[in-house]
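The values are calculated or read from the model by the stated rules, or taken from the named source; none is laboratory data. All of these numbers come straight from a predicted model, not from anything done at the bench. As a convention, Cβ positions derive from the backbone with ideal geometry for all residues, glycine included, and neighbour counts pool all protein chains shown. Accessible surface is based on the protein model in full, side chains and every heavy atom, while ligands, DNA and RNA are left aside. Shrake-Rupley method; radii C 1.70, N 1.55, O 1.52, S 1.80 Å.
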Amino acid sequence: YPLTSGVVGDCPHLLLEPSRTNTITYSENLNSWSKGSGLTITTDNIIAPDGNKTADKVEKTSQNYTFVRQSLTASTGVFSIFVKKGNHRYVGIRNNESNSTAHSVFDFDTESFIVSQANRTLSFDKLPNGWYRLIDYVSVNDSNTFVGICISDSSGNEIGTSIPLNSYIYAWGGQRESGQTYATSYIP
């Protein structure tokens, strides 16, 4: 049965997907991930897409780096994460980028990716209550092993004065499926 804000819907259906593994540890607790010194994470701040109050507030609190990420074995594959607009318009997403500060950028206001890094297939699913699942497929096994998000400007930069202090978004449920070309249902 489909869940909408944690409530069982009335239309049963079968979900047929291949077996996959989420290689991100503590996928629902971004405070346990590596984070930049310009960032504060408030855990369990709002209702997540699964209907529980487990989504985190990701806020810029200084002019330093605003990333939250995990380092994984470099490989091709799909990184996805659920995000929701707070008071900031842009969120950067990265999936094994070779440039340590470049991110693809999702614009909440236009509901589109406005910057895409090389060798990427970007997409998103729009969910109820303002949530989006951002999906970043990388087709090249790059040397940088970071996957994650950041508070960014419209160019994908995560540091500097172009992003006002106290800018924030919400995030929950990171997932990395190595060697795969599309995202499956969220795996905690």
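The set of residues from the range 49-72 being touching a residue at least 12 places away in the same chain (Cβ under 8 Å), in contact with an Asp or Glu (Cβ under 8 Å, 6 or more places away or on another chain) and either open to solvent by 40 Å² or more (accessible area, probe 1.4 Å) or assigned to a strand (DSSP E or B) (or both) comprises Ala55, Asp56, Tyr65, Phe67. Within the range 121-135, can one find any residue that is of a type in the set (S, T, N, Q), closer than 27 Å to Lys53 by Cβ and touching a Gly at 6+ places or on another chain (Cβ under 7 Å)? No; the residues of the range 121-135 include none that is of a type in the set (S, T, N, Q), closer than 27 Å to Lys53 by Cβ and touching a Gly at 6+ places or on another chain (Cβ under 7 Å). When restricted to residues that are under 16 Å from Tyr186 (Cβ atoms) and not hydrophobic (A, V, I, L, M, F, W, C), the range 71-93 contains 3.
When the range 13-50 is filtered for residues that are at pLDDT 70 or above, more than 26 Å from Cys150 (Cβ to Cβ) and not charged (D, E, K, R), the ones remaining, listed by number, are Leu14, Leu16, Pro18, Ser19. All of (1) part of a strand (DSSP E or B); (2) in contact (Cβ under 8 Å) with a residue 12 or more places away in the chain hold for Phe113 with one exception: (2). Restricting attention to the range 174-184, the residues that are among the polar types (S, T, N, Q), open to solvent by less than 40 Å² (accessible area, probe 1.4 Å) and not in a strand (DSSP E or B) add up to 1. If you go through the range 36-48 and keep only what is part of a loop (DSSP other than H, G, I, E, B), open to solvent by 40 Å² or more (accessible area, probe 1.4 Å) and touching a residue at least 60 places away in the same chain (Cβ under 8 Å), you end up with just Ile47.
For Arg133, state whether it is open to solvent by less than 70 Å² (accessible area, probe 1.4 Å), in a strand (DSSP E or B), closer than 24 Å to Lys57 by Cβ and at pLDDT below 95. It is false that Arg133 is open to solvent by less than 70 Å² (accessible area, probe 1.4 Å), in a strand (DSSP E or B), closer than 24 Å to Lys57 by Cβ and at pLDDT below 95.
For Ile24, the conditions (1) open to solvent by 60 Å² or more (accessible area, probe 1.4 Å); (2) more than 20 Å from Asp153 (Cα to Cα) all hold with the exception of (1).
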